1. I'm told Ser56 meets every condition in (1) of a type outside the set (A, V, I, L, M, F, W, C); (2) in contact with an Asp or Glu (Cβ under 7 Å, 6 or more places away or on another chain); (3) open to solvent by 100 Å² or more (accessible area, probe 1.4 Å) except one. Can you identify the failing condition by its number?
2. Any residue in the stretch 54-73 that is farther than 14 Å from Leu92 by Cα sitting within a Cβ distance under 9 Å of a residue that is modelled with pLDDT of 90 or more and open to solvent by less than 30 Å² (accessible area, probe 1.4 Å)? List the pairs, counting only those 6 or more apart or interchain.
3. What's the number of the only condition in (1) surrounded by 11 or more Cβ atoms within 10 Å (Cβ to Cβ); (2) at pLDDT 60 or above that Pro84 fails to meet?
4. Tell me which of these Tyr96 doesn't satisfy, since it passes every other one: (1) over 30 Å from Lys54 (Cβ atoms); (2) open to solvent by 100 Å² or more (accessible area, probe 1.4 Å); (3) modelled with pLDDT of 90 or more.
5. Considering the stretch 54-105 alone, what residues qualify as being among the β-branched types (Val, Ile, Thr) and assigned to a helix (DSSP H, G or I)?
6. Anything in the stretch 143-161 that is touching a His at 6+ places or on another chain (Cβ under 9 Å) and polar (S, T, N, Q)? List them, or say none.
7. Output the number of the condition that Cys105 fails; it satisfies all remaining conditions of (1) over 16 Å from Gln44 (Cα atoms); (2) hydrophobic (A, V, I, L, M, F, W, C); (3) surrounded by 16 or more Cβ atoms within 10 Å (Cβ to Cβ).
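The values are calculated or read from the model by the stated rules, or taken from the named source; none is laboratory data. What you are looking at is a predicted structure, and each value in this text was computed from that prediction instead of being measured. Every residue, glycine as well, gets a Cβ built from its backbone with ideal geometry; the counts of neighbours run over all protein chains shown. The protein model used for the area step is the full one, side chains on, heavy atoms only, and it has no ligands, DNA or RNA in it. Shrake-Rupley method; radii C 1.70, N 1.55, O 1.52, S 1.80 Å.
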Amino acid sequence: MAAPMSQQLQSQLPAGGLSQGAPPAPGGGQLGLPQQQQDFDPVQRYRLLIPQLKESLQNLMKVAAQNLAQNTNIDNGQKSADGPVQRFDKSLEEFYALCDQLELCLRLAYECLSQSYDSAKHSPTLVPTATKPDAVQTESLPYTHYLSMIKSQIACAKDIHNALLECSKKIMGKSPVTQGAP
């Protein structure tokens with residue numbers, strides 16, 4: 001299962017992607033979660049990308065040091081016998097691609113958390129059903145409180161609807177009517 005996760009991460013990178021030296025996700029990406037859930041969990045994906053980012057940074061620094069040493073030798077008039085050195089721009093591109101993926105994971109995790117908070121704020125608890133009165137939980141919302149919450153949500157939606165209607169009427173009243181003009 002490590003190969004499909006590695007291939008999936010490589011397919012999301014821009015051209016140049018991960019170099020052959022980049023390892024697959026540590027532990028094969030298996031932490032007791034199904035593969036499908038890992039794909040949608042931004043925190044899990046972030047955890048899988050961190051070791052790759054560390055290795056990419058190490059590789060970037062190694063390539064930079066090799067290029068600097070080779071350029072120093074050339075400037076001093078010495079011939080470099082190390083052979084071909086990896087390109088710095090490709091290593092930098094790999095590093096930035098991983099940084100971009102991490103940023104997207106963090107943004108997605110933040111959005112999920114914001115939606116969770118909003119959901120808890122607007123509908124904090126469940127309403128017990130009448131069919132199971134003995135299964136009432138302590139965090140469940142009494143029906144009367146639930147009704148008042150729904151009424152306030154309906155009133156808010158009506159206010160927004162009325163504000164939009166007034167705005168559309170004002171816009172229509174200001175625009176010239178050209179239906180009767182030849």
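1. If we test Ser56 against (1) of a type outside the set (A, V, I, L, M, F, W, C); (2) in contact with an Asp or Glu (Cβ under 7 Å, 6 or more places away or on another chain); (3) open to solvent by 100 Å² or more (accessible area, probe 1.4 Å), just (3) comes out false.
2. Matching pairs, first to second residue: none at all.
3. Only one criterion is unmet by Pro84, namely (1).
4. For Tyr96, the failing item is (1).
5. Going through the stretch 54-105, the residues among the β-branched types (Val, Ile, Thr) turn out to be 63, 72, 74, 85.
Listed by number, the residues that qualify are Val63, Thr72, Ile74.
6. Filtering the stretch 143-161 down to residues touching a His at 6+ places or on another chain (Cβ under 9 Å) leaves 149, 153.
Hit for the stretch 143-161 is Gln153, nothing else.
7. (1)
Residue-by-condition table, conditions (1) part of a helix (DSSP H, G or I); (2) at pLDDT 80 or above:
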residue	(1), (2)
Gln115	yes, yes
Asp118	yes, yes
Lys121	yes, no
Thr129	no, no
Glu139	no, no
Thr144	yes, yes
Met149	yes, yes
